[in-house]
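Visitor: My questions all concern the structure below.
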Amino acid sequence: MTTQEMNAAFEQAYGRKAEKMFFSPGRVNLIGEHTDYNGGCVFPCALSFGAWLLMSKNEDGVLRFKSLNMEQTYSIPISEIKPQADRAWCNYALGCIDIIARRHPEAKLESGYDLLYYGNVPAGAGLSSSAAMEVVTARAFTEEMMKGLVDEWMSGPESEKKYRTELALIGQACEHEYAGVMCGVMDQFASAQGKKDHAIYLNCDTLEFEHVPVKLEGIKVVISNTHSPHHLDSGAYNDRVRQCHTAVEQISKVKPIKFLAELTEEDWAQVESAITDPIAKKRARHVVGEVARTAAAVEALKKGEIAYFGELMTASHVSLRDDYEVTGPELDALAEAAWQVEGVLGSRMTGGGFGGCTVSLVKEEAIEHFKAFVGAEYEKKTGLKADFYVAEIGDGVTRLA
Ligand code: ADP
Ligand code: MG
């Protein structure tokens, strides 16, 4: 859908023109999985697909939510902003407006708004359509509610960086409080801080980050969607968090640590025997290895050693499959088929796990064969059809009009 078509859809929905338009991207994590809540780094990049928001003020004191992706519409008086029914899609937007007001006492919502959303991130595929929606809303409404401040924040690179981090934190708080998902900050951070043809080496604990150029000459980032109904549910997620916590406690008897990510692989050899719980030990082994792999992958990319970067991606999948146990048959089928294709440098699951997508580095000339072979193998093993997207690495949230 073009932005012209979105503008036409806005006029059709609300009987007048949109005053402003914003865009925020989805993301894919290249490496560094389940490291975020362990004090470690992640390495995501923003995609060229994401969520658009078109908006105009209204005189009715009501927030009207429409989405070109959803049937349900909502109309909420500005004096009654609170979480809506479980699973109401407007929670991802409404929550941001509420959180802005709570984090910034000077922020004021002075009128109602007519809002139209459109997204082209495949739904529920783990590419963070929710973060795109949150960050686009946070960008738009910080500007509406604190106009002067946002102009100031956008006036220099350092203050803009801080502003973008704030947008990510607003989005994350919305996801916690309005969607009930206790996610880390990676998704919203990538959506807010993305940079064309760069990935973001982010420490999710300190929020320190670095944009690293992704120069892949002749190689593409290919995303494969399992279309699997399985998801990393909050139960399985919370189990992993707890098991890591157990490992930290047991390790701390011999070497006090706050996070597993503090351990180098040499440390690991010294402390591993202190973990008596065999499941916690496997989980911790993944985290320590993944933190080291992520650092090595960033170095490899900086040196142009793309083949080694690919090997680290594949090793990451193996660790997530065998030690962290969050892959499941669909993601394994996709990754294992990809590894057999000549011209694939590496392939791994991305996102929380079980369902969602894999990310692969594929030589351009091998992409057609990759799609055909991996698609056929996947269907043979699972009975499901995969989808493939050649990713473009795009910029973070932006005002378009
Ligand atoms: P993802 O991995 O894509 O972030 P989530 O389950 O976290 O999956 O978020 C998907 C939810 O976000 C949808 O069910 C819907 O409530 C909301 N959402 C995302 N994009 C849109 C959109 N364009 N319009 C309306 N709601 C959206
Ligand atoms: Mg999400």
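Throughout, read-outs are computed from the coordinates displayed, never taken from laboratory work. As the structure is a computational prediction, the values presented were derived from the model and not from experiment. Please note: Cβ atoms are built from the backbone with ideal geometry, for glycine as well, and neighbour counts cover all protein chains shown.
Visitor: At 4 °C and 1.567 mPa s, what whole-number value in µm²/s does Stokes-Einstein give for the translational diffusion of region 211-305, with Rh from the Kirkwood sum over Cα pairs?
Guide: Reported coefficient: 82 µm²/s.
Visitor: I'd like the chymotrypsin sites (Phe, Trp or Tyr not before Pro) in region 248-310 restricted to DSSP loop residues with at most 14 other Cβ atoms within 10 Å, sorted by number.
Guide: Values: sites: 259, 268, 308, 309; in loops: 259.
Answer by residue number: there is no such site.
Visitor: Can I ask one more? Name the most mobile residue of 368, 377, 177, meaning the one with the largest mean-square fluctuation, in a Gaussian network model of the chain with Cα contacts below 10 Å.
Guide: Evaluated over the chain, the most mobile residue of the options is 368.
Visitor: Could you list 31, 223 so that the one with the fewest beta carbons within 10 Å of its beta carbon is first and the one with the most is last? Please report the intermediate quantities before stating the final value.
Guide: Details: 31 29, 223 23.
In increasing order of surrounding Cβ atoms, one gets 223, 31.
Visitor: State to the nearest 20 debye the size of the charge dipole of region 162-204 about its Cα centre, where the only charges are +1 on K and R beta carbons and -1 on D and E beta carbons. Each step should come with its number before you reach the end.
Guide: Working: 4 positive and 5 negative charges, 50 e Å.
Around 240 debye, computed over region 162-204.
Visitor: Rg/Rh for region 1-119: what does it come to with C-alpha atoms and Rh from Kirkwood?
Guide: Details: Rg = 16.6 Å, Rh = 16.2 Å.
Ratio of gyration radius to Kirkwood radius for region 1-119: 1.03.
Visitor: Also, I was wondering about something else. Dividing the alpha-carbon radius of gyration of region 139-276 by 2.2 N^0.38 Å (N being the number of residues), what value is obtained?
Guide: Values: Rg = 19.5 Å, N = 138, 2.2 N^0.38 = 14.3 Å.
So region 139-276 has a normalised radius of gyration of 1.36.
Visitor: List the pairs from 258/282; 82/162; 195/371; 302/363 whose alpha-carbon separation is above 25 Å, in the order I gave them. Write out the running numbers ahead of the final one.
Guide: Numbers: 258/282 18 Å; 82/162 27 Å; 195/371 27 Å; 302/363 19 Å.
Correct reply: 82/162; 195/371.
Visitor: Treat the count of other C-beta atoms within 10 Å as a stand-in for reagent exposure and order 109, 400, 263, 127 from fewest to most. Please list the in-between numbers first.
Guide: Numbers: 109 18, 400 12, 263 25, 127 29.
Least crowded to most crowded, the residues run 400, 109, 263, 127.
Visitor: For region 203-248, which GluC sites (Glu not before Pro) pass both filters: DSSP loop (anything but H, G, I, E, B) and at most 10 other C-beta atoms within 10 Å? Kindly include the intermediate steps, with their values, before the conclusion.
Guide: Details: sites: 208, 210, 217; in loops: 208, 217.
The qualifying sites are 208, 217.
Visitor: Given a 10 angstrom Cα cut-off, can you work out which residue in 80, 262, 299 is the most mobile in a GNM of the chain?
Guide: Maximum among the listed residues: 80.
Visitor: Sticking with this one: Running a GNM on the chain with Cα contacts under 10 Å, which residue among 154, 145, 133 ends up with the highest mean-square fluctuation?
Guide: Looking only at 154, 145, 133, the largest GNM fluctuation is found for 154.
Visitor: Looking at the chain from every direction and averaging, what is the projected area of its Cα convex hull in nm²?
Guide: The orientation-averaged projected area of the Cα hull of the chain comes to 20.1 nm².
Visitor: In addition: Determine the calculated [θ] at 222 nm for the chain from helices alone, applying -39500 (n - 2.57) to every DSSP H run no shorter than 4 residues and normalising by the residue count; nearest 500 deg cm²/dmol.
Guide: On the way: 12 runs with 175 residues, N = 401.
Calculated mean residue ellipticity at 222 nm is -14000 deg cm²/dmol.
Visitor: Classify region 255-356 as rounded, prolate or oblate, taking a ≥ b ≥ c as the square roots of the eigenvalues of its Cα gyration tensor: rounded when a/c is under 1.5, otherwise prolate if a/b is larger than b/c and oblate if not. Before the final figure, lay out the partial values.
Guide: Numbers: a/c = 2.67, a/b = 1.39, b/c = 1.92.
Cα axes put region 255-356 in the oblate bin.
Visitor: Mind checking which of 313, 334, 259 is farthest towards the positive end of region 248-335's charge dipole, using Cβ charges of +1 (Lys, Arg) and -1 (Asp, Glu) about the Cα centre?
Guide: Result: 259, furthest along the dipole toward the positive end.
Visitor: Calculated FRET efficiency, residue 12 and residue 158, Cβ-Cβ r, R0 35 Å, to nearest 0.05? The partial results should precede the final answer.
Guide: On the way: r = 42 Å, r/R0 = 1.20.
Here the calculated transfer efficiency is 0.25.
Visitor: Now for a different question. Taking region 1-67, which GluC sites (Glu not before Pro) meet the DSSP loop condition and have no more than 10 other C-beta atoms within 10 Å? Numbers along the way, then the final one.
Guide: Numbers: sites: 5, 11, 19, 33, 59; in loops: 19, 33, 59.
When the GluC sites (Glu not before Pro) of region 1-67 are filtered for loop state and at most 10 Cβ neighbours within 10 Å, 59 remain.
Visitor: By count of other Cβ within 10 Å, fewest leading, how are 303, 20 ordered? Walk me through the numbers on the way to the answer.
Guide: On the way: 303 10, 20 16.
Result, fewest neighbours first: 303, 20.
Visitor: Right, something else. If each residue of separation counts as 0.36 nm, what is the full-extension length gain between residue 245 and residue 20 once their alpha-carbon separation is subtracted? Provide the component values of the computation, followed by the final result.
Guide: On the way: separation 225, 0.36 × 225 = 81.00 nm, distance 4.53 nm.
Going from the current span to full extension adds 76.5 nm.
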